[in-house]
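Structure provided below as structure tokens; questions to follow.
The values are calculated or read from the model by the stated rules, or taken from the named source; none is laboratory data. Keep in mind that this is a model prediction, so the values were computed, not measured. Glycine also receives a Cβ, built like all others from the backbone with ideal geometry; neighbour counts cover every protein chain displayed. The accessibility values were calculated without ligands, DNA or RNA, using every heavy atom of the protein model including side chains. Shrake-Rupley method; radii C 1.70, N 1.55, O 1.52, S 1.80 Å.
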Amino acid sequence: MAKAATTRKKRPAKKASKPSADNMAAKQDEPVISPKDVIPKTQDVASSDQSMPSDKNGDAAVQRRQVISDLFQRGLAAHQAGQIDDAIRLYSTALRQNPNQPDVWNNLGVALRRSKKFEAALIAYRRAADLRPGNAGLWSNMGNCLREMMRFDEALVAHKKALELDDTVKSHTFNTGLVYRDMNRFEEALDYFERALAIDPDYVDANWDKSLAHLALGNYAEGWAGYETRRKLADNPIRPLETAPEWDGKADLRGKRILLRAEQGFGDMIQFARFVPLVAQKAAHVILECRKELIPIMKTVSGVGTVVEKGRPLPEFDVHVPLLSLPHVMGIGSKELQKISTDSYISAPQGKRARLAPPPGTVLKVGLIWAGKLNPRDRSCPLETLLPILSAKGAAFYSFQIDERRGDIDKLGLHAFVTDLGDHIHDFGDSAALMQAMDLVITIDSSPAHLAGALGVPVWMLQLYTTDWRWMVHRADSPWYPTLRIYRQDKPSDWSSAIQKLGSDFSTLLQARMNAK
């Protein structure tokens, strides 16, 4: 048996937040680090200086070119070191000295986009294109910026211009596929990912997004196999573990202790915990590793023998496998997923009970989550958009927000309409107990959506226009959670149609509860 606590070298903690499947996909075009944005590594800025005045001896012109070259090189060094504000300042200073520098405009655009100053970045890219319209990498960068601004049609024009100029660069083809991915046109996205892989079959980013496209389309065999590509991603959180063999789904587990390893975000862990009982049917003992906040609910999953906090010494085990690799090694397809997902698989911990005091006349208790993390995309739905349903008589609303967005209740003056439960939620066990007391949970795409679904609580989820692979496309239900209903944006950044549909369904539900009273 392996004792990871004594054989595994301690690794320094990463400063970055734990990546989820979604945000790993979203980091495909980080500047400097990734080839998706083209930044010249070396550059003779003076050679692009066509407008330098010179005196009779040329000394002033030479000196000025040297100053501009120095500014650029310092800016580039700052950019590559991640000092983006300094890079922007130095690039800008160089451009004020001489604006006829297309490469510097390009780099400024990349740095501005990194700082999420998208409008300014777009202007910088266009200045570069005016000066050097035949630069394919520049057009690809511009397309990346437009995609991030969700101006998808314009992004496609820019990317296809890049391909017209040079279709031999794998990132140009891949970036075009990302636009189709974000437009939920996964078949077309797959075509471009395959083209990129024809140039480089080992292209990690293309293999990764290809797998997510297959999963979004319900092509589980191809999707789960490709999902293993996450191990090769730059921000992959799966640490090496060579003290025991990794389970391949075929080896006999009778009499064995298996470690199911933690990875990615809270929602991912909750989603994939449904496969634990299948492993428990094969193994003598299941050890589930997870982050501290999840421990109370993971102990309620059938078949879990031991739960250990991620980062703590591990008990002895014979084999291991990352939790999110289970559907691949176990050959989970659509039929198997439907069968597994029929029933709830998580419950509130014993001893935790919600104590609510809804107003007299309440027939519907509703949990609310309207805001989440900002990266890779802000999935939040402004609380004010929910005002029409908050005024409904007979419904009591409870906020499950645990971050600074709890302040939205006070900001909008909604304390009479929404009860803030934030002080009562310290981990997912607390959330589970409170959710089980709800008749309905209305949430954005975040870990509470997974928790409610895993508990079997009715949950209505507000989904961005650009979908996540697990919610698929063009459907209001989910193969993962039978109690989940999805309300999707019809257009980027526009919640109006989704809120209108949700409001109509909410009125119908509330009226039915009133009539049944």
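Can you go through Ala81, Ala128, Ala111, Ala94 and tell me which one is among the hydrophobic types (A, V, I, L, M, F, W, C) and closer than 15 Å to Leu146 by Cβ?
Ala128
Considering each of Asn207, Asn184 in turn, give the residue that is in a loop (DSSP other than H, G, I, E, B), more than 30 Å from Gln101 (Cα to Cα) and open to solvent by less than 70 Å² (accessible area, probe 1.4 Å).
One residue alone meets the criteria, Asn184.
Looking only at the range 463-486, decide whether some residue is surrounded by fewer than 19 Cβ atoms within 10 Å (Cβ to Cβ) and either acidic (Asp, Glu) or assigned to a helix (DSSP H, G or I) (or both).
Yes - at least one qualifying residue is present in the range 463-486.
State whether one or more residues within the range 435-454 are surrounded by 22 or more Cβ atoms within 10 Å (Cβ to Cβ) and farther than 19 Å from Ile346 by Cβ.
Yes, the range 435-454 has at least one match.
Step by step: first the residues of the range 348-378, then only those that are more than 22 Å from Asp408 (Cβ to Cβ) and among the aliphatic types (A, V, I, L, M), then the one that is most open to solvent (accessible area, probe 1.4 Å). Which residue is that?
Ala357
Of everything in the range 440-462, what is part of a strand (DSSP E or B) and acidic (Asp, Glu)? Give them in sequence order.
The answer is none; no residue qualifies.
Please pick out the residue among Asp403, Asp410, Asp427, Asp439 that is more than 25 Å from Ser504 (Cα to Cα) and over 24 Å from the mean Cα position of the chain (by Cα).
Answer to the selection: Asp410.
Suppose we keep only residues that are in contact (Cβ under 8 Å) with a residue 60 or more places away in the chain and more than 17 Å from Leu95 (Cβ to Cβ) within the range 115-140. Which one would you say is nearest to the chain's Cα centre (by Cα)?
In this case the residue turns out to be Ser140.
Next question, about the same structure. Pick out the one residue from Leu138, Leu190 that is open to solvent by 10 Å² or more (accessible area, probe 1.4 Å) and on the phi < 0 side of the Ramachandran plot.
Leu190
Something else: Going through the range 318-347 one residue at a time, which ones are within 16 Å of Ser302 (Cα to Cα), outside any helix (DSSP H, G or I) and open to solvent by less than 20 Å² (accessible area, probe 1.4 Å)?
Ser341, Ile346
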